[in-house]
Amino acid sequence: MNRLRTQLLATAAAFLAMTAANPVMAQAAAAAVITPTGQTQPTAQAEANAAAFVLNPEDAASGHIVGTASLAGLEVYRLDGTRVGVIEAGEVVGVDVRHDITLAGRPATVLGALDERNGLRFFDFDGRTGKAVEITAKPMPIEFAAESMCLYRDARDANLYAFVVGSDGEVEQWTVFADATGKLDARPARRLHVASEASYCVADDATGDLYIAEQGVGIWRFAAGVESIVEPQLIDAARLGHIAGETGGLALQDGGPGARYLIASNASANSFNVYDRGKDHQFAGTFSLAGVEAAGGLATGAAGPQGLLIAMDDENEGGQNYKLAAWPAIAQALGLAPGTPQDPRGPIAPPVPVVRPVVETTPVPHGGDAADDPAIWVDPVDPARSLIIGTDKQAGLYAYDLDGKVVQFLPDGKMNNVDLRDGFKLGGRIVSLVAASNRTDDTIALYAVDPATRKLVPVSDGPQATGLTDPYGLCMYRSRRSGKTYVFINDTDGRMRQWELMAKPNGKVAAKAVRDFKFDTQAEGCVADDETGALYVAEEDIALWKMGAEPRTGAARTVIATVADNPALKDDLEGVGLYDLGGGRGYLVLSSQGDDTYAVFAREGSNRYIGSFAVVGDGARGIDGSSETDGLEVTSRPLGPRFPTGAFIAQDGRNVAPAEAQNFKLVPWDAVAAALKLEAR
Ligand code: CA
Ligand code: CA
Ligand code: CA
Ligand code: CA
Ligand code: CA
């Protein structure tokens, strides 16, 4: 909350500086006056607020206007303004539309509506006839005084979202998903805020921009993606900019490249402001519609070659209604390129293939950056009883079962990274050895997994000091050549050290330093390939490196991929994992933290880059995707029926739906393999 407030203040300060440097900007320009081309009949209750334009799927030149009519529900008008139908939608104040939403396997035009009494409602709209069927799966009440709503279809995850804005500045994002019967359900995913009443919103599916009108303050832009960082930008402000007082409805005019605009009702001046979205939302002019009191909702339509603007008229004789204006006339009056209205229909194509998690772990108890790195213990007897071991870098180590429930918590220090190797001979037994980098006392924390109780048991032969200033990333290596087990830990200063882990006669484990080497800048994520003897290290801002994992292989290293040369990599480069197909073949998976994707490289040969994927939310399961990932882990060993060919596990930097502390997401390898056409073991 404090961070958000700081951002708001910083944005406001930047805006003030900008307007002060350009006094012309603060002056109101004379508004061009445009004559409306038509109007709808007054609503039955003489009350109107928001409207949407719905294309006829069979004729892109025609369609219907759907407007809110308060207690009268949603009214449907032809383009000539004739009311042709009413959709019972309660006391409705907000409406928006998305075309080509898949419902029970078929494409549908979906209306979202905000019913003041009952919350969110959804309708399957027949764009040819103008008739609609309600497809609301269950009541979805809003827990605050809601003002309006808008829809958003995210190009990255192909999910549908609804934003509901409220009188105390609430901006609630809901994930909308179809159930098996083709009805639409939704759950709250995250909350954004503005300081005072949020009255209208509009979102752009292609760019991921969400615009919020804040009464008496101005217009904000947020990133609409549910996993995106909250960094609101002030587009225009009352008093300081081109807004006379109140801000009203918002609409987007998409005329293609060079002709993308934001239109905002400048309600106190009965005019409309236009901003050029291709020029960083530069103010592009003001117009008014003759005889229209511009108080409320706005919508645009891509009807035919022209494009139209629909504006609610607060003071229409005979009752509030919706006025229509031709976009080319507005563009001409303001000297803007009108462009060609873009067809809003068509499927969404995510920029990288997506997979969805099937399990998420219980959030760590600490807020902020806390969860960091996972490891996997595979139960050799019953793989479905395997454990995810995850670090809470503010507190200790957690062990989770494959449902994500906490099995054990070890409050042993600020554990940053964790890894595990089977086959360690200790006190006459063969154990799975766990190592973690402990930043509280700068030691190597060591545990053995007790397979009977599924608990981690400390086995360190006293504190195993690292001698590092700030132990950071960690990975383990079990040499096929010597059978010895090693651990690597790097320091935030770029140093990296290797220890041999040795069983003591007392049944404990001690670490003996065997090699030091260094990277130029901070490295963290690493993974060793036990079969080939390779060590892979991610130098965060620079590259993924390959070198020898055996202690006598020196400091020679080769570069696998760099941030500078591979556009699929955005720093920081973080966790690295290995998928073993056997015979030295398989895949390396690397967290490209800067763009919330995971890059896949071949394990064999020269480690060629194969492709990238993203982990996105599953609305029906109620599990969000993973973003800003630090540590990750991959296994090709089966983990029971849900993970028959292994799993991909990622730390999630932004755990939403609902907003909670960080956690780990579990994805079946089958899903990753299908998304990128990879092999599975
Ligand atoms: Ca982090
Ligand atoms: Ca790990
Ligand atoms: Ca890092
Ligand atoms: Ca997430
Ligand atoms: Ca979640």
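Residues in the range 43-63 include at least one that is at pLDDT below 95, in a strand (DSSP E or B) and of a type in the set (D, E, K, R). Evaluating G319 against the criteria (1) out of contact with any strand residue (DSSP E or B) (no Cβ under 6 Å at 6 or more places or on another chain); (2) over 30 Å from S70 (Cβ atoms); (3) of a type outside the set (D, E); (4) modelled with pLDDT under 95 leaves one unmet condition, (2). Of all residue pairs spaced 6 or more apart or on separate chains, those with beta-carbon atoms under 6 Å, a first member in the range 29-57 that is closer than 12 Å to T68 by Cα and a second member that is part of a strand (DSSP E or B) and acidic (D, E) are T43/E75; A52/D96. The condition of being more than 16 Å from ligand 1 (Cβ to nearest atom) and β-branched (V, I, T) holds for only one of V358, V364, that being V358.
Residue-wise test of (1) in contact with a helix residue (DSSP H, G or I) (Cβ under 6 Å, 6 or more places away or on another chain); (2) closer than 23 Å to D541 by Cβ; (3) within 16 Å of ligand 3 (Cβ to nearest atom).
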{"residue": "Y472", "(1), (2), (3)": "no, yes, yes"}
{"residue": "Y477", "(1), (2), (3)": "no, no, no"}
{"residue": "R481", "(1), (2), (3)": "no, no, no"}
{"residue": "K484", "(1), (2), (3)": "no, no, no"}
{"residue": "F488", "(1), (2), (3)": "no, yes, yes"}
{"residue": "G494", "(1), (2), (3)": "no, yes, yes"}
{"residue": "R497", "(1), (2), (3)": "no, yes, no"}
{"residue": "A503", "(1), (2), (3)": "no, no, no"}
{"residue": "G507", "(1), (2), (3)": "no, no, no"}
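For the range 222-240, does any single residue satisfy the condition of being among the hydrophobic types (A, V, I, L, M, F, W, C), surrounded by fewer than 19 Cβ atoms within 10 Å (Cβ to Cβ) and not in a loop (DSSP other than H, G, I, E, B)? So far as the range 222-240 goes, yes, one or more of its residues are among the hydrophobic types (A, V, I, L, M, F, W, C), surrounded by fewer than 19 Cβ atoms within 10 Å (Cβ to Cβ) and not in a loop (DSSP other than H, G, I, E, B).
Only one of the listed residues (D412, D422) is among the acidic types (D, E), out of contact with any Gly (no Cβ under 9 Å at 6 or more places or on another chain) and more than 14 Å from Q662 (Cβ to Cβ). That residue is D422. Considering the range 65-164, the qualifying strands (runs of 3 or more DSSP E), each wholly inside and each with 1 or more residues that are of a type outside the set (A, V, I, L, M), more than 23 Å from A251 (Cα to Cα) and modelled with pLDDT of 95 or more, run over 83-87, 132-134. Filtering the range 390-422 to residues that are small (G, A, S), assigned to a strand (DSSP E or B) and in contact (Cβ under 8 Å) with a residue 60 or more places away in the chain leaves only G390.
The lone criterion from (1) over 22 Å from L397 (Cα atoms); (2) in a loop (DSSP other than H, G, I, E, B); (3) at pLDDT 95 or above; (4) not β-branched (V, I, T) left unmet by P363 is number (1). Restricting attention to the range 634-663, the residues being within 16 Å of ligand 3 (Cβ to nearest atom) and in contact with a Phe, Trp or Tyr (Cβ under 8 Å, 6 or more places away or on another chain) number 3. Could you go through the range 142-149 and let me know if any residue there is of a type in the set (F, W, Y) and over 22 Å from the mean Cα position of the chain (by Cα). Scanning the range 142-149 turns up at least one residue that is of a type in the set (F, W, Y) and over 22 Å from the mean Cα position of the chain (by Cα). Here G467 fulfils each of the conditions (1) surrounded by fewer than 19 Cβ atoms within 10 Å (Cβ to Cβ); (2) without any contact (Cβ under 8 Å) to a residue 40 or more places away in the chain apart from (2). Among the strands (runs of 3 or more DSSP E) confined to the range 461-578, the ones with at least 2 residues that are of a type in the set (A, V, I, L, M, F, W, C) and more than 16 Å from ligand 2 (Cβ to nearest atom) are located at 495-503, 509-518, 543-548, 557-562. In the set G339, G368, only one residue is modelled with pLDDT under 95, among the small types (G, A, S) and surrounded by 19 or more Cβ atoms within 10 Å (Cβ to Cβ); that residue is G339. Can we say G646 is among the small types (G, A, S), at pLDDT 95 or above and within 19 Å of I376 (Cα to Cα)? It is true that G646 is among the small types (G, A, S), at pLDDT 95 or above and within 19 Å of I376 (Cα to Cα).
Find the residue count for the range 50-91, including only residues that are of a type in the set (D, E, K, R) and under 36 Å from the mean Cα position of the chain (by Cα). Residues flagged as of a type in the set (D, E, K, R) and under 36 Å from the mean Cα position of the chain (by Cα) within the range 50-91 amount to 5.
Entry remark, the range 345-360: residues being in a loop (DSSP other than H, G, I, E, B), surrounded by fewer than 22 Cβ atoms within 10 Å (Cβ to Cβ) and not basic (K, R) number 9 in total.
The values are calculated or read from the model by the stated rules, or taken from the named source; none is laboratory data. None of the values given here were measured: they were computed from a predicted structure. Glycine also receives a Cβ, built like all others from the backbone with ideal geometry; neighbour counts cover every protein chain displayed.
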